[in-house]
Amino acid sequence: MTPYLHKLQSYPFEKLAALKKGIAPPAGKRHIALSIGEPAHATPHLIQEALLIHLHGLSNYPTTKGLPELRQAIAAWLTRRFKLAEGQLDPETQILPVSGTREALFSFAQCLIDPTADPLVVMPNPFYQIYEGAALLAGAEPYFLNTVAENAYLPDFDAVPESVWRRCQLLYICTPGNPSGGVIPRDGLIKLLGLAEKYDFVIASDECYSELYDDENSPPPGLLEAAFAIGNTAFKRCVVFHSLSKRSNAPGLRSGFVAGDAAILQDYFKYRTYHGAAMPLPTQHASIAAWGDEKHVAENRRLYREKFAAVLDILGDAVQLTKPPAGFYLWIKTPIGDTEFTQQLFAQENVTVLPGSYLSREFGGLNPGRNHVRIALVAPLEECVEAALRIKDFLNTL
Ligand SMILES: Cc1ncc(COP(=O)(O)O)c(C=O)c1O
């Protein structure tokens with residue numbers, strides 16, 4: 001086995017299963033799971049139909065690069081969404097389909113990191129667990145940027161020592177963030193682009209929640225948009241990761257893409273020809289349909305907005321929380337320890353949430369996930385409301 005394997009922690013959901021083991025919640029209350037970030041709204045018909053119509057494509061091996069039509073549909077979507085100049089993105093060299101961003105966020109580090117150069121991979125803390133696993137298995141050391149309430153749960157890039165930037169080969173950012181929903185403003189992205197150039201590192205911008213935002217008039221900015229705005233029209237050192245899982249309620253489709261710096265993507269393409277995970281042809285056709293339609297995405301946002309409003313109405317006074325600008329999580333401070341909170345809530349109310357400390361690491365004397373829980377508003381509205389009422393009842397017992 002690779003010696004790096006033992007550095008991996010068990011996944012948060014394994015820890016959660018262990019935490020709940022042996023506890024018998026009240027039988028009269030049906031279980032409500034708000035722990036996993038799996039979208040539960042219906043997958044739009046246009047995606048299902050495109051998939052079905054193209055099932056015959058299963059008789060062919062797909063290529064790593066994917067169909068030109070898919071890359072063109074993605075380029076058109078990125079151009080519209082992030083206000084790029086027409087023709088600025090070359091579908092031939094600046095876009096690659098991936099089988100969900102999870103495998104891409106992981107494999108990208110395996111391709112990019114030079115383990116002989118004492119590498120650091122910088123990432124937010126708490127974080128989507130793949131970043132850390134990717135860094136460790138690529139032979140790099142993770143460096144965490146604690147995100148705390150005082151900084152709107154965003155990383156404080158100004159506080160990073162120069163010695164860290166010098167060793168940094170890859171910076172993962174997650175905007176909108178999981179778990180907090182925090183959005184890095186355009187100025188912040190522009191500042192990062194300056195740092196990436198100065199210290200010669202690559203920015204992997206995980207934007208898979210970018211389409212789930214509260215304010216229709218202010219969609220979260222993206223890294224390509226920021227690069228374009230400052231004249232980095234070749235998107236040097238930038239790679240963005242987008243997914244249909246959350247945007248289009250299709251987590252089982254396993255469809256996303258990476259886009260950005262052509263030189264980096266050329267190497268990553270070579271890597272992927274060995275890595276595998278080419279996207280099946282029916283999935284590519286379903287993805288073309290999905291990236292070409294915004295109506296279902298607007299409806300999706302409406303459903304989340306409805307749930308946030310209802311749940312905040314119930315929990316707003318009972319607990320310290322702020323409405324996130326994007327994403328589908330509530331990241332709340334707990335009046336007792338986060339694992340205790342989770343365990344007791346399950347035992348008393350049969351509601352499962354995720355302890356914040358399962359998503360974070362102790363770094364610089366602080367574990368920023370501690371005393372927080374993540375509540376995924378993925379269940380239907382009535383279930384979210386029911387869960388919020390039960391959480392409120394539980395809070396009243398503390
Ligand atoms: C922050 C973040 N990035 C990436 C992913 C992976 O999504 P997918 O592989 O479905 O595209 C997730 C899934 O939960 C996530 O929360």
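What follows is calculated from the coordinates using simple rules that are stated; it is not laboratory data. Please read all numbers here as calculations on a predicted model, not as lab measurements. Because the Cβ atoms are built from the backbone with ideal geometry, glycine has one as well, and the counts that use them run over all protein chains shown.
Enumerate the amide H contacts of Cys168 below 5 Å, restricted to partners 5 or more residues apart or on another chain; note that Pro and chain-start residues carry no placed amide H.
Leu120
Could you compute the net charge surrounding Leu265? Neighbours are other residues with a C-beta less than 13 Å from the C-beta of Leu265; K and R count +1, D and E count -1.
With Lys, Arg at +1 and Asp, Glu at -1, the net is +2.
Under 5 Å between amide hydrogens, which residues at least 5 positions from Val98 or on another chain qualify, with H placed 1.01 Å from N in the peptide plane?
Answer set, sorted by chain and number: Gly256, Phe257, Val258.
Work the Kirkwood hydrodynamic radius out for segment 121-225: mean of 1/r over every pair of different alpha-carbon atoms, inverted, in Å.
About 14.0 Å, per the Kirkwood formula over Cα pairs.
So how much slack lies between Asp158 and Leu389, counting 0.36 nm per residue of separation and subtracting their Cα-Cα distance, in nm?
Separation in residues times 0.36 nm, less the Cα-Cα distance, equals 79.1 nm.
Loop by DSSP (not H, G, I, E, B), at most 16 other beta-carbon atoms within 10 Å: where is the longest site-free stretch of the chain for GluC sites (Glu not before Pro)?
93-215
Just subtract the alpha-carbon distance of Asp187 and Gln88 from 0.36 nm times their residue separation and send over the number in nm, one decimal.
Extra length from Asp187 to Gln88 when fully extended: 33.5 nm.
Throw me the Rg/Rh for segment 174-287, computed over C-alpha atoms with Kirkwood Rh, two decimals.
0.99
Regarding segment 53-181, what are the three Cα extents along the principal axes, ordered largest first, in Å?
51, 34, 26
Starting from the Cα of Leu46, move 7 Å in the Cα-to-Cβ direction to define the label point; list residues of segment 300-322 whose amide nitrogen is under 14 Å from there.
Inside the label zone: 300.
Using the Karplus curve 6.51 cos²θ - 1.76 cosθ + 1.60 with θ = phi - 60°, work out ³J(HN,Hα) for each residue of segment 184-197 in order, rounded to whole Hz, and write x for Gly and Pro.
Each residue of segment 184-197 in turn: 6, x, 4, 4, x, 5, 5, 4, 5, 4, x, 5, 4, 6 Hz.
Go through Lys7/Lys323; Lys191/Lys307; Lys65/Lys198; Lys198/Lys333; Lys307/Lys333 and tell me which ones have a Cα-Cα distance over 27 Å in this structure.
Lys7/Lys323; Lys191/Lys307; Lys65/Lys198; Lys198/Lys333
Do you know the relative contact order of segment 301-398, to the nearest whole percent, from alpha carbon pairs under 8 angstrom that are 6+ apart?
Value for segment 301-398: 34 percent.
Per-residue HN-Hα couplings for segment 319-328, Karplus 6.51 cos²θ - 1.76 cosθ + 1.60 at θ = phi - 60°, whole Hz, x for Gly and Pro?
Values, residue by residue: 8, 7, 8, 10, 6, x, x, 7, x, 10 Hz.
Show me, for segment 167-175, the HN-Hα J-couplings you get by feeding each phi into the Karplus relation (A = 6.51, B = -1.76, C = 1.60, θ = phi - 60°), rounded to Hz, glycine and proline as x.
8, 6, 9, 9, 10, 8, 10, 10, 9
Taking Rh as the Kirkwood radius, which is the inverse of the mean 1/r over Cα pairs, what is the Rg/Rh value for the chain?
Expressed as Rg/Rh, it is 0.96.
GNM, the chain, Cα, under 10 Å: largest mean-square fluctuation among Tyr153, Tyr172, Tyr199?
Per the Cα network of the chain with a 10 Å cutoff, Tyr199 tops the list.
Would you please give the residues with an amide H less than 5 Å from that of Ile332, counting only those at least 5 places away or on a separate chain, with H modeled from the backbone geometry?
Close amide H contacts, sequence-distant or interchain: Val373, Ile375.
For Thr397 and Glu69, calculate 0.36 nm times their separation in residues minus their Cα-Cα distance, and state this gained length in nm to one decimal.
Taking 0.36 nm per residue and subtracting the Cα distance, the gain is 112.4 nm.
Within segment 307-334, what residues put their amide N at less than 19 Å from the label point 7 Å along the Cα-to-Cβ vector of Ala149?
So the set is 312-326, 329-334.
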